[in-house]
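Report on the following structure.
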Amino acid sequence: MFKVIYDIGANNGQNIEYFLSRSKKVIALEPINELCLQIGKTFQRSIESGELKILNFAVVNDENTTTLNFYINNNKSWESSLLKNNKFEKVKVNATSLSKLYSKYGYPDCIKIDIEGYDIEILKYMVSSNTIPNYLSIEIQNKKTLDFVLKNFSYKNFNFVLGHRISEDYKHLNLKTHSSGPLANDLKFKWVNRRIIKYYFMITGYGWIDIHCTNEEYNNKKMIGILKTFSYLASDKTYRKMNPFKNKLVGKLKSIVRR
């Protein structure tokens, strides 16, 4: 069990129930005020007990920034971002830094980051300010982010979660839709070194996939080994490539039958 988990980019709180079951305290940060209010209603008891703290802030890489523009996708709130997007609604939000959070709420032993493209800026800040947690979970949307993690952090053990397979791979955990997935010993695969994790990403690619990093040893007998994991990733990639063609073919056959 973790002592403190920081959920940076909490969205509508889809990870919080699981995080509360795996830690003594959760600090959840979400820049969209309406989502913070929603989380507050859902987890009122946890807030009152002191197990959960909700903060209506975006986390940025500048100590002096207190407000900034944020771009909201009103149809898919989880795609909202600090990165400029003229298709989204622009609003002003409160901002803070990891150093300020740590000084006020304590140093976490686990951080989950999912902030839609701004992630690498927080990684750079972690390195420059020496605010690196014992356990890091972060979405890898591109090769640049993966390379930065592997080159600039001294973690020894790595794992991953495929976002599109969470409901299937971790059905027993009853994780919420758009969850970032489980942590530590709850992961399906054996922890590996940086060379192997790089090969994993070479197969699966980037996008809705989180890397997990730590120096702790997490293993249980049910975890899938390296060779079976390679096979799993290759099969999943093949399925994702072929599935759109299959769906298109099925659609055409159905239209023919209706005639």
Q) Residue check, L227 against (1) farther than 17 Å from V149 by Cα; (2) out of contact with any Lys or Arg (no Cβ under 7 Å at 6 or more places or on another chain); (3) surrounded by 12 or more Cβ atoms within 10 Å (Cβ to Cβ), all met but one. Which one? A) (3)
**Q.** Sole residue being closer than 30 Å to E217 by Cβ, out of contact with any helix residue (DSSP H, G or I) (no Cβ under 8 Å at 6 or more places or on another chain), part of a strand (DSSP E or B) and at pLDDT 90 or above, chosen from K24, K92
**A.** K24
Q: Filter the stretch 107-116 for residues that are within 15 Å of P31 (Cα to Cα) and surrounded by fewer than 20 Cβ atoms within 10 Å (Cβ to Cβ) and give the result.
A: E116
(Q) Criterion first (modelled with pLDDT under 90, closer than 23 Å to I209 by Cβ and touching a Lys or Arg at 6+ places or on another chain (Cβ under 9 Å)) does N85 satisfy it? (A) no
Q: Could you check N219 against (1) out of contact with any helix residue (DSSP H, G or I) (no Cβ under 6 Å at 6 or more places or on another chain); (2) at pLDDT 90 or above; (3) in a loop (DSSP other than H, G, I, E, B) and say which number it fails?
A: (2)
Q: Give just the number: which of (1) over 13 Å from I8 (Cα atoms); (2) touching a Lys or Arg at 6+ places or on another chain (Cβ under 7 Å) does I132 not satisfy?
A: (2)
Q: State the number of residues belonging to the stretch 184-215 that are part of a loop (DSSP other than H, G, I, E, B) and surrounded by 14 or more Cβ atoms within 10 Å (Cβ to Cβ).
A: 6
Q: Among the residues of the stretch 171-183, write down those that are more than 20 Å from I113 (Cα to Cα) and part of a loop (DSSP other than H, G, I, E, B).
A: N174
Q.
Please go through the stretch 149-165 and give me each residue that is more than 14 Å from the chain's Cα centre (by Cα) and buried (at least 19 other Cβ atoms within 10 Å of the Cβ), ordered by number.
A. V149, Y155, N157, F158
Q: State all residues of the stretch 27-60 that are more than 16 Å from the chain's Cα centre (by Cα) and assigned to a strand (DSSP E or B); if no residue qualifies, say none.
A: L52, K53, I54, L55
Q | Subset of the stretch 165-216 [at pLDDT below 95, polar (S, T, N, Q) and more than 24 Å from L227 (Cβ to Cβ)] | A | S167, N174, T177, S179, S180
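The values are calculated or read from the model by the stated rules, or taken from the named source; none is laboratory data. The structure displayed is predicted, hence computed values, not measured ones. Heads up, the Cβs are rebuilt from the backbone with ideal geometry, glycines too, and the neighbour counts pull from every protein chain shown.
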